[in-house]
1. Take F283, project a point 7 Å from its Cα along the Cβ direction, then tell me which residues of the stretch 138-177 have their backbone nitrogen under 17 Å from it.
2. How long is the gain from T248 to I60 if the chain were fully straight, where each residue apart is worth 0.36 nm and the alpha carbon distance is subtracted?
3. Report the full-extension gain for the segment D320 to E184: residue separation times 0.36 nm, less the Cα-Cα distance, to one decimal in nm.
4. If you keep only loop residues by DSSP, which GluC sites (Glu not before Pro) in the stretch 144-218 have at most 13 other Cβ atoms within 10 Å of their Cβ?
5. So how far apart, in nm, are the two label points at C143 and L94 if each is 7 Å from Cα heading toward Cβ?
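All of the numbers you see were taken from the coordinates with simple rules; none came from a lab. These numbers come from a predicted model, not from an experiment. Using ideal geometry, Cβ is built from the backbone for each residue, glycine included, and neighbour counts are taken over all protein chains shown.
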Amino acid sequence: MRAVGRSALRQAAVLGLILAAITAAAAWAGGRTAALWCLGASAAALAFFCLASYRRHREIRRLTASIDEVLHNGRDLQLSDYHEGDLAVLHNELQKMVGRLSRLSSQLASEKTALADALADISHQIRTPLTAAELMIPAIERCSDAQERKRLLRDLEALLDRMAWLVATLLKIAKVDAGSFPLEQRPVTAAAAIDRALEPLAVALDIRGIALVRDTPAATFRGDELWTAEAIENIVKNCMEHTPAGGTIAIGVAEDALATRIAIEDTGGGIAEEDLPHLFERFYRGADSGSREGFGLGLALAQALVSAQGGTLRAANAADAEGAVRGARFEITFPKMCV
């Protein structure tokens, strides 16, 4: 601020010298009357310049104080006291910068919280399987029967696979929450994403005796085929786990001017009404053992992946003509336009 004040004084001094020179030239060329007129005009111009410089200096000092408040106390800049002019333009640009920095700070804090929550979730969720693995190892070492040892080893391998899936899923959700997930936005054929999702599940569906019915006409949406397929795979897995042998899982695609919709229905026992509001919450377990979630992560990841692409995932109970529940219904919607 002192530098600004010294600069204003230098400018006033230079202007005063120029006006004095003009007055002297007028006195030499036009006489006393011209010199007096020149002197009066020069004094008025110098007074106006000093007044304008003082007001400008005061506004700059006030703007500097506002910036200090933002830097040290986290307050927002106020635009109401500023009028048109270059300082108002500068203040407006500073306000934009402060708003941008505030959003970045909030985003970083949110990402930090999401990462901390993810690490806490991982440590909490793998504690139980780790404890089970620690108990199984001595049992395997003491086991003398070859068949029993093989069974215990298979159980340990399944437990380790479960832990690996759990950690991988939690990390994916954490990346989606932090906005650092590599999602593409390009035209995707719905049938291609469904094919990719169903390919690793074909054997499991056949073993369980569950029929798969598809109605997938040509339809497209903008998104990421790989991660859409993973979301669909998680939903179909959930349906498969709650559909009895001889049941059916139906996948349908519909497209109109507003959106592309992918519907997945099963013929299981449906979703309990008290579970519907919490179905996509992480680690949620229903009131009974028939809850739609085991880990409480598959559907949460599916919703996170769909939401990250600008889509929505909803769940409901499918009903027959008489109104009786015939199973669960999941619908993924990818809008085609923003209103």
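1. Of the residues in the stretch 138-177, 163-175, 177 have backbone N under 17 Å from the label point off F283.
2. Details: separation 188, 0.36 × 188 = 67.68 nm, distance 7.28 nm.
Contour length minus Cα-Cα distance gives 60.4 nm.
3. Values: separation 136, 0.36 × 136 = 48.96 nm, distance 3.80 nm.
Result: 45.2 nm gained on full extension.
4. Working: sites: E148, E157, E184; in loops: E184.
Filter output for the stretch 144-218: E184.
5. About 7.3 nm, to one decimal.
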